[in-house]
Amino acid sequence: MQHELHTAGYRTAAVGKLFNAWDIARRPPHFDDWALTGGGYTGADFVVDGLETRAPYATTFIGDQVGRYVDRYERDDRQPWFIYAGFTAPHAPQVPEPRYAGVSYPWDGNPATRETDRGDKPAYVRRFNRTQEEGALERQAMLRTLRSVDDALESIRRRLKADGELDDTLVILLSDNGKLFGEHRLPEKFMPYLQAERVPLLISWPGHIPAGSDRRLAANLDITPTVLAAAGLTPSFQVDGRDLLAPGDRRALLTEYWRDPANGAGILSWASTVVPGRYRYTEIYDDAFTVTDREYYDLARDPWQLTNLLQDGSTRPALAAALARQRTCAGRDCP
C-alpha cells in the first residue's frame, strides 16, 4: 500500500512497531519518515528519522509522533500523506501507565472458557491447559494498556481537527489479531477459533462514510484496496481484498496458519474456511502437509465451537473442495 501511495506522490510515514525483528534504524521501503520501536512500554527505544531516542512511555510517544508528522505534513496542503501507526499495546509483557494500573475489568468468561470436554478437539489443542482465571488476568492487563491507546488516538484526532485535516482524512483502526483467554483451554492466537481472529475495524471519513455499522464480512486484506480506491488509485498489482467503500460482499473467508516454531510452539499448520454465523471447516496438517484432523462447527447452533461435528473421523467433501479452491484463488476469484 505504501508503495502505491508513495509512487502517486504521497508523503508517507511509519510510526511504532512495524514487523518482528525489523531493524528499526533502517528506513522501511517507500516511507519518507519513520519512528520505529522494537517493543516495550516504559523507556522503550525508538529510532526517529535515523536518530535514536528513548520514550518515557511508548504508547504516548507513538501518538505524539503521529501528531508531529501531521503538523509537518499539513504545512503543504498540495501534497497528500499517509501515516501508519502500530501500537505495541496490548502486547506482553503488559506495563500500564501508573494511572491505569489499578483499573479493574471483571470478566466471567464465556461458554468456551468453561468447556470441560475437549475430546472432540485435535490432539494439539488438548495439550494446552489455560484456565479461565489465567485468561481473565491477562485480559485485564491488556485492557489496562489499551486505555493509553485510547488517549493516544484521541490526541491524534484532536491534532487532525486543530490542523483542519479531520474531514479530509480517511482513518482506519484495526488490530492484527484477536486473542484466546482460555477458550477451549487455549492461551494464544494462532488457532482456528473465532476469538483469535475477531478484531475491531472502524473507519472514519467525514462526509464520505455515514455513521453506523456494517454487517458485511471484512478482513485485514481489504485495507489496501479500500485505501487505494479512496485515493483514486488503481493498484499496479493484483489484490485479494475488497474495497469496503463499494457495494458487494464476500461469501466466505479463508484463514490460515503455517507452523512457526519460533512463534506459536506446539501449534500445527491449518487452513480454514469460515462464514460467521453459519459454519467453519478446518483442516489440520502435519509437516508433510497431510491432513491429520478436521473440524466442522455449525456456528448458527454452536457459536462457541464447542462440538466438532467431524470428531468421528467423517469428512465434508464439498467443504474440503471449497477450502482447496480458496487456498489457491487470487483476486476477484476469491469468495
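The values are calculated or read from the model by the stated rules, or taken from the named source; none is laboratory data. These numbers were taken from a predicted model, which means no experiment stands behind them. Virtual Cβ from ideal backbone geometry, glycine too; neighbours counted across all protein chains shown. With ligands, DNA and RNA removed, areas are computed over all heavy atoms of the protein, side chains included. Shrake-Rupley method; radii C 1.70, N 1.55, O 1.52, S 1.80 Å.
Structure values in brief
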quantity: Among the residues listed as D33, D45, the single one being open to solvent by less than 20 Å² (accessible area, probe 1.4 Å) and among the acidic types (D, E); calculated: D33
quantity: T226, sole failed condition from (1) more than 18 Å from the chain's Cα centre (by Cα); (2) at pLDDT 95 or above; calculated: (1)
quantity: Of residues in the stretch 1-25 being charged (D, E, K, R) and under 27 Å from P225 (Cα atoms), the one most open to solvent (accessible area, probe 1.4 Å); calculated: R11
quantity: Which numbered condition T59 fails, given (1) farther than 30 Å from R139 by Cβ; (2) crowded, with 21+ Cβ neighbours inside 10 Å; calculated: (1)
quantity: Within the stretch 104-145, considering residues that are over 13 Å from K179 (Cβ atoms) and small (G, A, S), the one least open to solvent (accessible area, probe 1.4 Å); calculated: G109
quantity: Tally of residues being closer than 22 Å to D176 by Cβ, part of a loop (DSSP other than H, G, I, E, B) and in contact (Cβ under 8 Å) with a residue 24 or more places away in the chain across the stretch 206-240; calculated: 8
quantity: Per-region count, the stretch 25-43, residues free of Cβ contacts under 8 Å to residues at least 60 places away in the same chain, over 23 Å from T7 (Cα atoms) and under 22 Å from the mean Cα position of the chain (by Cα); calculated: 4
quantity: T53 being within 22 Å of the chain's Cα centre (by Cα), of a type in the set (V, I, T) and surrounded by 13 or more Cβ atoms within 10 Å (Cβ to Cβ); calculated: no
quantity: Subset tally (residues that are open to solvent by 70 Å² or more (accessible area, probe 1.4 Å) and either in contact with a strand residue (DSSP E or B) (Cβ under 6 Å, 6 or more places away or on another chain) or farther than 18 Å from A322 by Cβ (or both)) for the stretch 246-264; calculated: 6
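To keep it simple, each residue is scored yes or no on (1) touching a Lys or Arg at 6+ places or on another chain (Cβ under 9 Å); (2) open to solvent by less than 40 Å² (accessible area, probe 1.4 Å).
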site: V275; (1), (2): yes, yes
site: Y281; (1), (2): yes, yes
site: F289; (1), (2): no, no
site: T292; (1), (2): no, no
site: L299; (1), (2): yes, yes
site: D302; (1), (2): no, yes
site: T307; (1), (2): yes, no
site: S314; (1), (2): yes, no
site: P317; (1), (2): no, no
